Each structure stands twice: as structure tokens, then as C-alpha cells.
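Below is one structure; the comments refer to it alone.
The values are calculated or read from the model by the stated rules, or taken from the named source; none is laboratory data. No experiment lies behind these values; they were computed from the predicted model shown. When we count neighbours, we look across all protein chains shown, and the Cβ atoms used for this are built from the backbone with ideal geometry, even at glycine. Areas reflect the complete protein model, heavy atoms only, side chains present, ligands, DNA and RNA absent. Shrake-Rupley method; radii C 1.70, N 1.55, O 1.52, S 1.80 Å.
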Amino acid sequence: MRTNLVAILAAGLAFGQAARAPLTFEVASIKPNSGDGRRVGIQFMPGGGLRTTGTTLKFLITFAYDVRDFQVSGGPGWINSDRFDIMAKSERNGPESEAPEDLAKMSDAQMKTGVEQMRAKLQALLADRFQLTIHHESKDQPVYALVIGKNGSKLKESEVKQGGDRRRMMRMGRSELNAEGVAMDMLTNTLSNVLGRPVIDRTGLKGNYDFKLAWTPDPGQAGGFGGPPPPGVEAPPPPDPNGPSIFTAVQEQLGLRLESQKGPVDLIVIDRVEKLSEN
């Protein structure tokens, strides 16, 4: 009986160690982007794959570690300028195989798990191909808290149904945001990119919402994801100079308010990174 118990415990320990093994892509290709820099994108593929076009290493780091651009420090200048195309696939019998092939039919829980797995696999890929090593630091810095305005939220529950034909999505233009079926974390992440400061959700709103937001950026403020366009890319038409600031737009159009506060901010510090190694 004692021998059987030891065997069972040993098997359980081995299973636990296997379960904690880092997630990786089965096969991945990373190539320098040969385009003119006008196309930049990231796309989740069915089965847990990933495709990116014209993405900088710094952009990939922000996605892999779920931080904003201003939370990454260190590294040579080329991480902001050199652009790469990635095509990565996961094994068919991996953990992602249990999720629906159609991303639009994923539940919120499946989508959250899929994003977490994708981040973990991208971290492993960057460590392998770019020899990337980082460490975390936490510092008290200015943040914004997103709260309900004094007259109440103007957000309405989305008509996008989980598993339906319409997809939950967010389209970002020059100082304009169109959202369908998105949760508050997507809004706070977007506002954080625009404001260059962490935005913490303290609205208490738990649903998915459809909304539009349009504003005029202040001087030096990003008008959309990633700030100004990359070198050689023609900038979109300027926004209406008489439009509202992002703070006024959030309050008037969404019924929410941005409050300036101080709080701990997670920072990613690059310890080592090398030029792309052979695929």
C-alpha cells in the first residue's frame, strides 16, 4: 500500500511539473518586414496561432507582458524602429484546441484564457529568438482612475451576443474610437495608450458595451494606438481643432470621469536583447 501511495504521489508530481511547462508555439517564423511600413497589425489565428505584420520588438514586448509603451524601459534604439513579420502556429493537440475555431464564437472566459496563453507563448518566442530577458519593477507614479460621472454612465449594454455572428471589436482611428461588445478593460487599455499613463477601472461596470468616442488630442498626446505613425507613413487628417479634450469627451459622451491619482505601476526593464537570430 505504501509503495502504491509513493507511486501515485510521484506520478502526480510529474504531472504537475508537466502542467507548469512554459507554453510555446510549435513552429514560428520571424522575418524582417520588407514592406514600406504602412501596414502594422496583429492577428490571432484559429488554433492558437499568431500573425503580426510590421510590428516593432517594443510593440511585441508590450503585448507579451500586457503593459503599455511607457512601461517599458531599456534596450537599444532598434527595438523601436526595426519591424518584423511573425507567423506562428501551435500544436493541434495543445490547450487551445478545445476552443472554437471561429474566434467570434469564443466565450469571454475562452477569449481571456486564449489571450493569456498567447502572451505566454510570445514571451517564450521573444526569449528564444531575441535572447530577451527582463525584470519587473514597481514604482509609485501618476495614474488615472476611471469612475462613473456625477450624472451616471451613458454606456448601454451591447447588442453583440456571445457566440453570435457579430464580433466584439474595437476600431481606433485618429482621435476616434468605435467599440462593439467590449468590456471596460479594453477601454482603460486604450485610454492608457492615449494618455501615456495607466488607467485603472473603478467604474464597477461588468458588462460589454457599444460606444463611440471622439476627441481632439492635446499637443504631444497620442491620437491613437502607439502614438505618431512610423517613419515614412503618411499621417491621417488632423482632428477637429475645436473638438473636446479626451477628458471632456469621456465625461460628455460616456458619462464617465478620469481622476488623477497616484499608485503602483508595474514596469518592464530590459536586461538583455539581441538582434534577430536565425529562424
### Query
List pairs: first in the stretch 105-119 and under 16 Å from A64 (Cα atoms) and assigned to a helix (DSSP H, G or I), second modelled with pLDDT of 80 or more and open to solvent by less than 30 Å² (accessible area, probe 1.4 Å), Cβ under 8 Å, 6+ apart or cross-chain?
G114/G48; Q117/G48; M118/G48; M118/L50; R119/A64
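Just name the residue that is modelled with the highest pLDDT out of those in the stretch 171-189 that are among the aliphatic types (A, V, I, L, M) and in contact with a Gly (Cβ under 9 Å, 6 or more places away or on another chain). Give the steps one after another, and end with the answer.
Let us first name the residues in the stretch 171-189 that are among the aliphatic types (A, V, I, L, M), namely 172, 177, 179, 182-184, 186-187.
Subsequent filtering for residues that are in contact with a Gly (Cβ under 9 Å, 6 or more places away or on another chain) retains 172, 177, 183-184.
On the way: M172: 77, L177: 90, A183: 90, M184: 94.
Looking at the filtered set, the residue picked out is M184.
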### Query
Yes or no: M118 among the aliphatic types (A, V, I, L, M), more than 23 Å from P76 (Cα to Cα) and either open to solvent by 40 Å² or more (accessible area, probe 1.4 Å) or modelled with pLDDT under 90 (or both)?
no
### Message
Can you tell me how many residues within the stretch 38-93 are assigned to a loop (DSSP other than H, G, I, E, B), farther than 19 Å from A127 by Cβ and in contact with a strand residue (DSSP E or B) (Cβ under 6 Å, 6 or more places away or on another chain)?
### Response
2
## Note on the structure
Quick count over the stretch 166-190, residues being out of contact with any Ser or Thr (no Cβ under 9 Å at 6 or more places or on another chain), in a helix (DSSP H, G or I) and either charged (D, E, K, R) or farther than 23 Å from Q43 by Cβ (or both), is 1
### Query
Is it the case that the stretch 253-273 has a residue that's at pLDDT below 90, farther than 23 Å from D140 by Cα and in contact with a strand residue (DSSP E or B) (Cβ under 8 Å, 6 or more places away or on another chain)?
no
### Query
So which of L213, L205 is touching a residue at least 40 places away in the same chain (Cβ under 8 Å), assigned to a strand (DSSP E or B) and either hydrophobic (A, V, I, L, M, F, W, C) or surrounded by 15 or more Cβ atoms within 10 Å (Cβ to Cβ) (or both)?
L213
